[in-house]
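Asks: Attaching a single structure in structure tokens format; questions to follow.
The values are calculated or read from the model by the stated rules, or taken from the named source; none is laboratory data. All values reported here derive from a predicted model rather than from experimental measurement. Cβ atoms come from the backbone with ideal geometry, glycine included; neighbour counts cover every protein chain shown.
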Amino acid sequence: MGARQSLYADLEAGAARIVEYQPFIPGLLQTAEFAHHRQVAETEIGPVTFRSARAAEARQTRQRMLRRPDGPHYEVILDEVAVRRLDAPHQS
């Protein structure tokens with residue numbers, strides 16, 4: 001887990017409730033497949049700094065915390081753009 005994800009994980013683990021607004025799909029809702037496609041998209045733009053397998057594993061750890069019986073209540077408001085954004089066509 002990177003430093004930024006570790007900070008969020010530590011804060012989330014001690015929280016009773018997590019409420020957030022995001023203009024994009026937050027990490028706690030991202031799947032491994034989403035992370036993979038994000039990495040593919042980044043490779044088309046330039047050098048890859050995002051590692052999908054590592055990020056997906058870290059997110060799954062954070063997501064398990066939400067599913068614990070004593071885990072925090074999670075509430076998120078997504079910007080409409082996050083759910084309505086069209087995929088860009090892939091260039092080969």
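Asks: Taking only pairs six or more apart or across chains, which ones have beta-carbon atoms under 7 Å, a first residue in segment 23-36 that is free of Cβ contacts under 8 Å to residues at least 40 places away in the same chain, and a second residue that is assigned to a loop (DSSP other than H, G, I, E, B) and β-branched (Val, Ile, Thr)?
Replies: Listed pairs, sorted by first residue: Phe34/Ile25.
Asks: Output the number of residues of segment 57-74 satisfying the condition of being crowded, with 16+ Cβ neighbours inside 10 Å and among the hydroxyl-bearing types (Ser, Thr, Tyr).
Replies: 1
Asks: Can you find, within segment 67-82, the residue that is modelled with the lowest pLDDT among those that are assigned to a helix (DSSP H, G or I) and more than 14 Å from the chain's Cα centre (by Cα)?
Replies: Val81
Asks: A further question on this structure: Tally up the residues in segment 8-41 that are touching a helix residue (DSSP H, G or I) at 6+ places or on another chain (Cβ under 9 Å) and assigned to a helix (DSSP H, G or I), please.
Replies: Of the residues in that region, 16 qualify.
Asks: Of the residues in segment 1-42, how many are at pLDDT below 85 and basic (Lys, Arg)?
Replies: Summing the residues that are at pLDDT below 85 and basic (Lys, Arg) in segment 1-42 gives 2.
Asks: Could you pull out the residue among Arg64, Arg54, Arg59 that is modelled with pLDDT of 85 or more and assigned to a helix (DSSP H, G or I)?
Replies: Unique residue meeting the criteria: Arg64.
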